[in-house]
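Read through the structure below, which is laid out as structure tokens, and then see the notes.
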Amino acid sequence: MTESARNGKPRYFILDNIDPHRINSIIHFIEKEKDRTLLIVISKSGETPETISQFMIFKKLLQNTKDFRERIIVITDRNKGILKEIVDSEGYPVLNVPEGVGGRFSVLTPVGLFPSLTMGINIEALVNGAQKMALHIKNTRAPKNMAIVLASILYLMNRKGKHIHVIMPYCDRLSGFADWLRQLEGESLGKNGLGATPLKSPGVTDQHSQLQLYIDGPKDKCIMFLYNS
């Protein structure tokens, strides 16, 4: 997509895997744009080996450019981790993850907000929406409390043997949210031999590939439809 088509917003690449083919293709592109590239390195613990190895690759790519240290932003723990040691020794700008916030809950910290800001997302509206939902959960009694209602439904479904929770977003904007919801449920509740299996299943795509299984297959699934109001 051209810069004018993006309305001046930056082109961005999210490296959440160590696939060498994708990394090489991004390196090939960035080599032509090194002086205009911002590298954002994110690891809550500062110890994630995949993140650190990718950081070393792209730091080497940028380090011969002007003011390259100002174009590497590190988001990590304030007190510990390999990334903190690198920041302290090499002097990169850093944003800290607040203490007591686990990695899977860090979307509304600099981990999620700073990259969103660079992409042109209205983070004020994002935070305001999250605050409204937090107040709703805190102040609303059942059965009007949406979080309590959803938790109760999923609990009852588990009791009935429906241990696969299918998350079907019918809105592309909610695809990432479905990924996050899957992570929250899987990492938070999948312990001690217990927990349901959260499964992302984007509609309409999976409607034409998986819906047959959901309807006529084993009755072990609870399906949640997501839409953007």
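For the chain, go through all pairs of different Cα atoms, get the mean of 1/r, take its inverse, and jot down that Kirkwood value in Å. Don't skip to the answer; put the middle values down first.
Working: mean 1/r = 0.0487 Å⁻¹.
The Cα-based Kirkwood calculation yields 20.5 Å.
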**Mean shadow area of the stretch 20-124 over all directions, Cα convex hull, nm²** = 7.1 nm²
**Prompt:** Each residue of the stretch 158-165 in turn: what ³J(HN,Hα) in whole Hz from Karplus with 6.51, -1.76, 1.60 and θ = phi - 60°, glycine and Pro shown as x?
**Reply:** 4, 4, 8, x, 9, 9, 10, 9
**Complete:** The farthest towards the positive end of the charge dipole of the chain, of the residues Leu38, Val107, Met157, given +1 on Cβ of Lys and Arg and -1 on Cβ of Asp and Glu, is Met157
**Asked** What ranking, highest mean first, results for peptides 39-49, 208-218, 87-97 when packing means the other Cβ atoms within 10 Å averaged over each residue?
**Response** 39-49, 87-97, 208-218
**Item:** At R0 = 35 Å, FRET efficiency that the Cβ-Cβ distance of Ile153 and Phe114 yields, to 0.05
**Value:** 0.50
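Full extension from Ala142 to Tyr12: what is 0.36 nm times the residue separation minus their Cα-Cα distance, to one decimal in nm?
Numbers: separation 130, 0.36 × 130 = 46.80 nm, distance 4.20 nm.
Gain in length upon complete extension: 42.6 nm.
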**Item:** Virtual paramagnetic centre 7 Å along Cα→Cβ of Ser229, amide N under 12 Å, in the stretch 159-180
**Value:** none
**Formal net charge of residues neighbouring Asp67 (Cβ-Cβ distance under 13 Å; K, R +1; D, E -1)** = +3
**Prompt:** What lysines sit close enough to Lys132 to cross-link, taking a C-alpha to C-alpha distance under 24 Å and skipping anything fewer than 8 places away on the same chain?
**Reply:** Lys144
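Any read-out appearing in this document is the output of simple, stated calculations on the displayed coordinates, not a laboratory observation. On a predicted model such as this, the values are computed, not experimentally measured, just so you know. Quick reminder, even Gly has a Cβ in these numbers, built from the backbone with ideal geometry, and neighbours come from all protein chains shown.
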